[in-house]
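Here it is, the structure, as structure tokens.
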Amino acid sequence: MLRFAEGDEGLGSVIRVDLTRTFPVPAGKAFAFITDTANWNAFFPNFIRLRDPLHAKWNAPGDMVTVVIRILGRAVDVNMTLEVIETGKRVVYRSRQSGLPDARHERRFTALPDGFEFGLGVAFDPRNGLRGLYDRFLVKPAVAGALRKTVDNLDRAFGGKPFCD
């Protein structure tokens, strides 16, 4: 289920996009797969490569990884900093990339009897002026599309269709 929200958080008006999908895979195995940077090419939308993959760590708060993705036909560095990691349950990180607002990402793993529910959330403060219009009317739907593509790619990586949507 895809959800959009706009509201006040602190001084700015935060835009939040959330998506949930259920998969027939144990939560712990999915968590291990999704947090292993060696697997990101299997599900990360528009993934090109990791910068410095030999030193990429994604295990503890403060770890930083740069992912190179394709946006509008060009390679863009996305600098990601891990803020929270609760093994098997939750990951929170921040991303920064040129030309877009900084964003806070959350991934939630909820164990179910026949698999897990995967919750993806992205929140960002729209910038001021004309860039804020760009953020509200172009970035917001692009984020929603990236979340949908992520779960579609995970569906393929996990080898089947989700048993609930």
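Residues checked against (1) assigned to a loop (DSSP other than H, G, I, E, B); (2) at pLDDT 90 or above:
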site: Tyr93; (1), (2): no, yes
site: Phe109; (1), (2): no, yes
site: Ala123; (1), (2): no, yes
site: Asn128; (1), (2): yes, yes
site: Asp135; (1), (2): no, yes
site: Val139; (1), (2): no, yes
site: Ala144; (1), (2): no, yes
site: Asp152; (1), (2): no, yes
site: Gly160; (1), (2): yes, no
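So, one more: Among the candidates Arg94, Arg107, Arg90, single out the residue that is free of Cβ contacts under 8 Å to residues at least 24 places away in the same chain and within 15 Å of Phe33 (Cα to Cα).
From the options Arg94, Arg107, Arg90, the qualifying one is Arg90.
Quick one: would you say Thr150 is among the β-branched types (Val, Ile, Thr), over 22 Å from Ser13 (Cβ atoms), in contact (Cβ under 8 Å) with a residue 12 or more places away in the chain and surrounded by fewer than 16 Cβ atoms within 10 Å (Cβ to Cβ)?
Spelling it out, it is not the case that Thr150 is among the β-branched types (Val, Ile, Thr), over 22 Å from Ser13 (Cβ atoms), in contact (Cβ under 8 Å) with a residue 12 or more places away in the chain and surrounded by fewer than 16 Cβ atoms within 10 Å (Cβ to Cβ).
A further question follows. Those residues that are buried (at least 16 other Cβ atoms within 10 Å of the Cβ), closer than 17 Å to Glu106 by Cα and either in contact with a Pro (Cβ under 9 Å, 6 or more places away or on another chain) or without any contact (Cβ under 8 Å) to a residue 60 or more places away in the chain (or both), I need them from the range 18-65; list them, please.
Arg21, Thr22, Thr35, Thr37, Trp40, Trp58, Asp63, Val65
Only residues that are loosely packed, with under 15 Cβ neighbours inside 10 Å and either in contact with an Asp or Glu (Cβ under 9 Å, 6 or more places away or on another chain) or among the aliphatic types (A, V, I, L, M) (or both): list them for the range 113-135, please.
Passing the criteria: Leu130, Leu133.
The values are calculated or read from the model by the stated rules, or taken from the named source; none is laboratory data. Predicted, not measured: the structure shown is a model, and the values here were computed from it. Note that each Cβ is placed from the backbone with ideal geometry, even for glycine, and that neighbours are counted across all protein chains shown.
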